[in-house]
Amino acid sequence: MRLGGMGMAPELMVLDSEAEVAMAVARRLAATVAQMPTAVLGLATGGTPMPIYKALIALAAEKRLSFRMVRSFNLDEYVGLSASHPASFAHFMRENLFDHIDIDLARARVPNGVAADLGAEAASYERAIAEAGGIGLQILGIGANGHIGFNEPGSAFNSRTRVVDLAEATRQANSSYFPAGESVPGQALTMGIGTILNAREIVLAATGAHKAPAIAATLAGPITIDCPASALRLHARVTIICDRAAAAQLP
Ligand code: F6R
């Protein structure tokens, strides 16, 4: 189904359950790597990708899929958290994916949230993506406020990797991943919306009723910086895969 007025109208798949969404996205990732063992993947963290990576690990084992030559770039990382912090996205990726497939950790990059010079880290991240030939397939989740990566509402559509302030709602939504008593950092390093739109193909996954307003705004609202994910309608190859609950407010 294709929705939306102006823009290019992403392809929309509405599936029955979170498990089906996870399997569909995992299959896309597996097919990309099977077709191109040197694929460059853009990866996301959070609750939505957890079952996706679980399904991908199973598919990789079943199909004897090798990630040895794959390169990956994660969307974001908290400023101030090192890779050993249990709530860091670098830690999340090892625990939920990298430790269970044969990817070369030297080829799997997550922004360094404890770099002495964060501006230089952001510039080097952009350079590394370009030197890898650009991202072939970018996986995205979506915030309840419509953010992609940590590009909160108000982010420019041509923004690049940079330090951003996290919205209070985002810090709250992610607080459950932090040890009790520890507060969520106020800033993150994130790929920009412009960086994301440079990917050749983008798959956004959304599950749960709390994502329904954001999915409706993304696909059927105006294309505006107030809903960062609406920028995806400016890209020619986007698939949005959601469960019924996340699709419930679409017209
Ligand atoms: C994660 C990221 C975020 C999440 C979004 C949804 O790397 O960049 O945009 O995709 O916050 O998170 P979950 O899936 O936890 O609801």
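Scan the strands (runs of 3 or more DSSP E) fully inside segment 31-136 and keep the ones with 1 or more residues being more than 16 Å from the ligand (Cβ to nearest atom). Spell out how you get there, then give the answer.
Numbers: elements: 40-43, 71-74, 76-78.
Filter on segment 31-136 gives 40-43, 71-74.
Given the structure, is Gly186 open to solvent by 30 Å² or more (accessible area, probe 1.4 Å) and either closer than 15 Å to Met8 by Cα or in contact with a strand residue (DSSP E or B) (Cβ under 9 Å, 6 or more places away or on another chain) (or both)? Steps first, answer last, please.
Numbers: open to solvent by 30 Å² or more (accessible area, probe 1.4 Å): yes; either closer than 15 Å to Met8 by Cα or in contact with a strand residue (DSSP E or B) (Cβ under 9 Å, 6 or more places away or on another chain) (or both): yes.
The answer is yes for Gly186.
Failed condition for Ala199, given (1) surrounded by 24 or more Cβ atoms within 10 Å (Cβ to Cβ); (2) within 13 Å of the ligand (Cβ to nearest atom), with all others met?
(2)
For Pro153, only one of the following conditions fails: (1) within 16 Å of the ligand (Cβ to nearest atom); (2) crowded, with 19+ Cβ neighbours inside 10 Å. What is its number?
(2)
Considering only residues that are open to solvent by less than 40 Å² (accessible area, probe 1.4 Å), within 15 Å of the ligand (Cβ to nearest atom) and of a type outside the set (Gly, Ala, Ser), which ones fall in segment 7-28?
Correct list: Val21, Val25.
Which ones in segment 156-174 are open to solvent by 60 Å² or more (accessible area, probe 1.4 Å) and of a type in the set (S, T, N, Q)?
Asn158, Gln172
Which pairs have Cβ atoms under 8 Å, sit 6 or more apart or on different chains, and link a residue in segment 118-129 that is over 13 Å from Val163 (Cα atoms) and open to solvent by less than 20 Å² (accessible area, probe 1.4 Å) to one that is part of a helix (DSSP H, G or I) and at pLDDT 95 or above?
Ile129/Thr195
Which one is nearest to Ala247 (Cα to Cα) among residues in segment 211-226 that are under 19 Å from the mean Cα position of the chain (by Cα) and not β-branched (Val, Ile, Thr)?
Taking the candidates together, the pick is Ala212.
The values are calculated or read from the model by the stated rules, or taken from the named source; none is laboratory data. Just so it is clear, the model here is predicted, and its values are computed rather than measured. In this analysis, Cβ positions are derived from the backbone assuming ideal geometry, glycine residues included, and neighbour counts consider all displayed protein chains. Remember, those area values only see protein heavy atoms, side chains included, never the ligands or the DNA or RNA. Shrake-Rupley method; radii C 1.70, N 1.55, O 1.52, S 1.80 Å.
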